[in-house]
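What follows is a short report on a single structure.
What follows is calculated from the coordinates using simple rules that are stated; it is not laboratory data. This structure is a prediction, so every number in the text was calculated from the model and none was measured. Reconstructed Cβ throughout: ideal geometry from the backbone, glycine too, with neighbour counts over all protein chains shown.
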Amino acid sequence: MAESRKPNIIWIMAEDMGTDLECYGTAGVKTPNLNRMAREGVLYERAYCPSPICSPNRSSMMVGVHQTVIDAHHHRSNRGVPLKAPYKPITSWLRNAGYNCLLGHDKVMRKGAKTDCNFKHKAVGDWDGKKRFGLFDKIGGFTAADQPFFNQIQLVVTHRGDWWNGVRKASKHPVSLDEIKLPLSFADTPEIRYDWACYLDQVEYMDNEVGMLMESLKEEELDQNTVVIFIADNGRCNLRGKGYLHQPGIHIPMIIWAPGLVKAGTVVEELVSTTDISATVLSLAGAKIPDYITSKPLIGIEKPEYRQYVRSARDIWDEIDECSRSITTADFKYIRNHMPEVPWATDQAYLEINRPALHVMRRLKQEGRLSTRELTFFADQKPVEELYDLGKDPEELNNLAKNPEYAPVLRTMRAHEAQWQMENHDLGLADLGRRKPEKWLAAERARAGIKKNEPELWKRLEAGELMETQTWMKKYKSLKK
Ligand SMILES: [Ca+2]
């Protein structure tokens, strides 16, 4: 990479997926394009999100600071409230460094132009943080004329959507139900297998989109001076994933492709947080890294400073009030549930219309047919504290918080959480008890409408069929409570 030229930076975010790629060892899925990116770049084995949900996590990455510090911790909140000084979106600093900030790309599904930040913002326009709130300069994707550019591209296909069955149908190599491996906490039924295989079909479609973007880069002769960062914006859209602080919710895939800047085929086993990407982007661009940024650049510097632990937080998601905090270290995960009375398997409408496994396993539970580990998710309430030995128990099914042998580990993990709270003001703990979850959103209206007016459809959903529930949300948009 030519030293005198500022590199272009592309930041690809696939929606709602865990480390479910071939290059992470996932069974049954083929991801040749991301495999190649990893072979030629760096694969991060332990990348974590500060939040297991879309908008809080996107907010944290856009600023480079935990969502709980910038009042962006509740999903889809504070959309009319400007970021408090001194916080600014990273694109504001990139513009100061001479970058064109681009959003989306015309070649990908729905043009990949999502922003979804929990502070006052517009996708396109100037930014001064007082009267003007534009994050990006334009939508549509990179061209050579935009150099140097920063292009954030969202890949929506892996998000639950009405296209899932269609993508599988159109696939020339649908993922085989026999070759996949379900998580240990999932019941093994044909419906759950189908849903999982169909998820991996979306992953393959997404991988193909990554391939198209890499091809465009070559065609435009930009591939020698561009860094490409790939992550998922939050964890997997299934039980114990998105919305939860267990591994599938916050542990995500992350690959950086940067010819000349990184040694091909590097695998990083250290802990990194997705906010570290914010600092990496600013550092690569030669932009100012503001003092408030708590993240660290990962490449393009002499010796990256990795994290001793990653701290993550879950707060309000739609109509469900919730407050949990986690600390992940190299070997352990600690979760503190501040609202243990809210079970994992809540009756949240979004989950009920987008998680076939939830319905199938509820039925099996009633019939007394779930194993102990399959029952984990369906406990009446959560423990106040959870502690997992990630080496021995990567699927976090054996809570060690009350095991005396692990008392010293528990103390260390509590100390990390206390230290984080000393150094950062957690606004999500400060507002506990006076929060307002969002009632009667589209998913709740759709659930009520279908149950009342189209019981046959609801029956199919309860039987574990993967259905086109976005259509329901549109249809019952105007339903009165
Ligand atoms: Ca997402």
Q: Quick one: what are the phi-derived ³J(HN,Hα) couplings along the stretch 313-324, Karplus 6.51/-1.76/1.60 with θ = phi - 60°, whole Hz, x for glycine and proline?
A: 8, 10, 10, 4, 10, 6, 8, 9, 7, 7, 8, 9
Q. In a shell of Cβ-Cβ distance under 13 Å around A27, excluding A27 itself, what net charge do Lys and Arg (+1) and Asp and Glu (-1) give?
A. -1
Q. Under the classification rounded if a/c is under 1.5, otherwise prolate if a/b is larger than b/c and oblate if not, where does the stretch 189-244 fall, given a ≥ b ≥ c as square roots of the Cα gyration tensor eigenvalues?
A. oblate
Q) Which value, in debye to the nearest 20, describes the size of the charge dipole of the stretch 8-309 about its Cα centre when Lys and Arg Cβ atoms bear +1, Asp and Glu Cβ atoms bear -1, and nothing else is charged? A) 1020
Q. If you take the Cα Rg of the stretch 246-369 and divide it by 2.2 N^0.38 Å, with N the number of residues, what do you get?
A. 1.41
Q | Volume of the Cα convex hull of the stretch 314-475, divided per residue and given in Å³ | A | 143
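Which chymotrypsin sites (Phe, Trp or Tyr not before Pro) in the stretch 221-320 sit in a loop by DSSP (not H, G, I, E or B) and have at most 14 other Cβ atoms within 10 Å of their own Cβ? Don't skip to the answer; put the middle values down first.
Working: sites: F230, Y244, W257, Y292, Y306, Y309, W317; in loops: Y244, Y292, Y306, Y309.
Those that pass, being in a loop and sparsely packed, are Y292.
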Q.
Please report the spacing between the Cα centers of the stretch 195-233 and the stretch 1-70 in Å, no decimals.
A. 11
**Q.** Sparse-neighbourhood loop sites, trypsin sites (Lys or Arg not before Pro) in the stretch 110-172 - DSSP loop, at most 11 other Cβ within 10 angstrom
**A.** K130, K131, R132, K172
Q) Rounded, prolate or oblate: which fits the stretch 77-148 when a ≥ b ≥ c are the square roots of the eigenvalues of the alpha-carbon gyration tensor, with rounded for a/c under 1.5 and prolate only if a/b beats b/c? A) oblate
Q: Amide H neighbours of K6 under 5 Å, at least 5 residues apart or on other chains, H built in the peptide plane: list them.
A: none
Q) Could you give P(r) for the chain, binned at 10 Å from zero, as whole percent values over all Cα-Cα pairs? A) 4, 20, 31, 28, 14, 3, 0
Q: Take the alpha carbon atoms of the stretch 318-369, find their center, do the same for the stretch 103-180, and report the distance between the two centers in whole angstrom.
A: 28
Q: Determine ³J(HN,Hα), in whole Hz, for all residues of the stretch 266-276 in sequence, where each value follows from phi through the Karplus function 6.51 cos²θ - 1.76 cosθ + 1.60 and θ = phi - 60°; x replaces Gly and Pro.
A: 5, 10, 9, 9, 6, 7, 9, 10, 5, 5, 5
Q) So what is the calculated 222 nm ellipticity per residue for the chain, using -39500 (n - 2.57) for each DSSP H run with n of 4 or more, over all residues, to the nearest 500 deg cm²/dmol? A) -9000 deg cm²/dmol
Q: Note down the net charge around W163, summing +1 for each Lys or Arg and -1 for each Asp or Glu among other residues with Cβ under 15 Å from its Cβ.
A: -2
Q | Overall dimensions of the stretch 160-217 by Cα: Rg and Dmax, Å | A | 13.0, 43
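Throw me the Rg/Rh for the stretch 424-467, computed over C-alpha atoms with Kirkwood Rh, two decimals.
Values: Rg = 17.2 Å, Rh = 13.2 Å.
Result: Rg/Rh = 1.30.
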Q) So what are the radius of gyration and Dmax for the Cα set of the stretch 1-98, in Å? A) 16.9, 48
Q. Short version: ³J(HN,Hα) in whole Hz for each residue of the stretch 293-310, in order, from phi by Karplus 6.51 cos²θ - 1.76 cosθ + 1.60 (θ = phi - 60°), x for Gly and Pro, what are they?
A. 5, 9, 9, 10, x, 9, 9, x, 10, 4, 9, x, 9, 8, 8, 7, 8, 10
Q. Are there trypsin sites (Lys or Arg not before Pro) in the stretch 351-431 that DSSP marks as loop and that have at most 13 other Cβ atoms within 10 Å, and which are they?
A. R369, K392, K402
Q: Collect residues whose amide H, placed 1.01 Å from N in the peptide plane, falls under 5 Å from the amide H of F150; neighbours closer than 5 in sequence don't count.
A: I9, N100, C101, L102
Q.
List the residues, sorted by chain then number, that are 5 or more residues from V268 or on another chain and whose placed amide H is less than 5 Å from its amide H.
A. L43, Y44, E45
Q | Residue order, fewest to most surrounding Cβ atoms within 10 angstrom, among H173, H105, H416 | A | H173, H416, H105
Q) If you average 1/r over every pair of different alpha-carbon atoms in the stretch 362-422 and take one over that average, what Kirkwood value in Å do you get? A) 13.6
